[in-house]
Amino acid sequence: MTDSIIVAWETEQPSQGEVTYGETEVYGLRASDPAVTASHALTLTGLASYTVYHYRVESGGVPLSGELTFRTAAGPDQTRFTFAVFGDTRTQPQFHQAVVERIVAQVPDFVLNTGDLVASGRRAGEWETFFEIERALLARVPLFPVLGNHEGNSPLYFDLFYLPGNERWYTFDYGNARFVCLQVDGVADFRPGSEQYNWLEETLAANTQPWLFVAFHVPPYSSVQDDLEDDVRGALVPLFERYGVDVVFNGHKHNYERNEVNGVTYVVTGGGGAPLYEMQEKEPTQAAFLLVHHFVLVRVDGDHLEATVISHEGEVLDRFERRAD
């Protein structure tokens, strides 16, 4: 993963997709798709890890984009990096746009979306709106989403994203961290004995990275009640505690909440645009709660982590720190 990246885009008419790229604005390298299609996904290989590349999307030598940059993934020796986390971007595009603009200004290395990217995953027009809003971000930064209930397990989701593994639950390493993404959306089975549960336990048990992060949609701890919450808490929390998960990122509840439970930090970050949910019954483990559109910026520096919650207006709302065990 550190030596390749996928550049994906769509065109109104079928064409031959090309990407010109290199470590300078001179480019010098080119990849092309032999197929003539409107959906393009080119894998650039042989890249240096954690390196900024300049690139341009073309067709027949005609530029389709301006001059852009991306940074390849960090290898295990690169222990300083940043990433942004947010979710529930499904409605109120004005807030979604404002949050995205704040993320772009922070220049993270990649982004996690905790689900409910759109209001209905089966409506192509909503995906067009999503990508139009996130265009400036996704042209420069890789996105790792998880399925939310509003995606509805839609085939469009799997057509639009190019993710590791089976794309429903997957893992990737970045720097000195392992990220585990799950499908906890009311559709997939995550209970003990299920395929996903067995995969999760094997993946957590095999981890050798100092940092271990997990992301999925429906949280196990929230001050907004949910019928699925108890099932998630009963099935997954024991695994997180047993295998030393550091931070769990969730969405689904349209607010920001942080709970500290038995050495694991649980972060609800569902303030990407959807209408906000007020607190119903405070969790006894709650460390912070905010009713605001926002994202979480995480900075990893060796064995130290600092997370900052930033509102759609740029205000710093919460901070927390951790040390890798």
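The values are calculated or read from the model by the stated rules, or taken from the named source; none is laboratory data. Because the structure is predicted, anything quoted here is derived from the model rather than measured. Heads up, the Cβs are rebuilt from the backbone with ideal geometry, glycines too, and the neighbour counts pull from every protein chain shown.
Tabulated data
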item	result
Sole residue being of a type in the set (D, E, K, R), over 20 Å from Leu163 (Cα atoms) and outside any loop (DSSP other than H, G, I, E, B), chosen from Glu18, Glu10, Glu25	Glu18
Residue in region 181-196 that is crowded, with 21+ Cβ neighbours inside 10 Å, of a type outside the set (D, E, K, R) and more than 23 Å from Val247 (Cβ to Cβ) present	no
Residues that are hydrophobic (A, V, I, L, M, F, W, C) and touching a Pro at 6+ places or on another chain (Cβ under 6 Å), drawn from region 48-101	Phe83, Ala84
Residue within region 265-275 that is touching a Gly at 6+ places or on another chain (Cβ under 9 Å), within 22 Å of Leu200 (Cα to Cα), in a loop (DSSP other than H, G, I, E, B) and modelled with pLDDT of 95 or more present	no
Residue that is surrounded by the most Cβ atoms within 10 Å (Cβ to Cβ), among those in region 18-37 that are under 15 Å from Gly66 (Cα atoms) and of a type outside the set (A, V, I, L, M, F, W, C)	Tyr21
Count - residues of region 46-63 that are touching a strand residue (DSSP E or B) at 6+ places or on another chain (Cβ under 8 Å) and loosely packed, with under 14 Cβ neighbours inside 10 Å	4
Val224 being assigned by TED's automatic domain parsing to the domain that holds Phe130, farther than 19 Å from Leu147 by Cα and modelled with pLDDT of 95 or more	yes
Within region 134-154, tally of residues that are closer than 18 Å to His217 by Cα, of a type outside the set (Ser, Thr, Tyr) and out of contact with any Phe, Trp or Tyr (no Cβ under 8 Å at 6 or more places or on another chain)	5
In region 284-308, the residues that are in a loop (DSSP other than H, G, I, E, B) and surrounded by 22 or more Cβ atoms within 10 Å (Cβ to Cβ)	His293
Flag if His96 is of a type outside the set (Val, Ile, Thr) and under 20 Å from the mean Cα position of the chain (by Cα)	yes
Those residues of region 108-133 which are assigned to a loop (DSSP other than H, G, I, E, B) and touching a Phe, Trp or Tyr at 6+ places or on another chain (Cβ under 8 Å), in sequence order	Pro108, Asp109, Thr114, Gly115, Leu117, Val118, Gly121
Residues of region 90-107 that turn out to be β-branched (Val, Ile, Thr) and either assigned to a helix (DSSP H, G or I) or in contact with an Asp or Glu (Cβ under 7 Å, 6 or more places away or on another chain) (or both), as a count	4
Count of region 43-72 residues which are modelled with pLDDT of 95 or more, over 16 Å from Gly28 (Cα atoms) and in contact with a Gly (Cβ under 8 Å, 6 or more places away or on another chain)	2
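Each row is one residue, and each column tells you yes or no for (1) closer than 18 Å to His217 by Cα; (2) surrounded by 15 or more Cβ atoms within 10 Å (Cβ to Cβ); (3) in contact with a Lys or Arg (Cβ under 9 Å, 6 or more places away or on another chain).
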| position | (1), (2), (3) |
| --- | --- |
| Tyr256 | yes, yes, no |
| Ala274 | yes, yes, yes |
| Gln280 | no, no, no |
| Ile310 | no, yes, yes |
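Listed here are the residues, each with its yes/no results for (1) in a loop (DSSP other than H, G, I, E, B); (2) closer than 17 Å to Ser120 by Cβ.
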{"residue": "Ala136", "(1), (2)": "no, no"}
{"residue": "Tyr157", "(1), (2)": "no, yes"}
{"residue": "Val180", "(1), (2)": "no, no"}
{"residue": "Gln183", "(1), (2)": "yes, no"}
{"residue": "Val187", "(1), (2)": "yes, yes"}
{"residue": "Gly193", "(1), (2)": "yes, no"}
{"residue": "Leu200", "(1), (2)": "no, no"}
{"residue": "Asn207", "(1), (2)": "yes, no"}
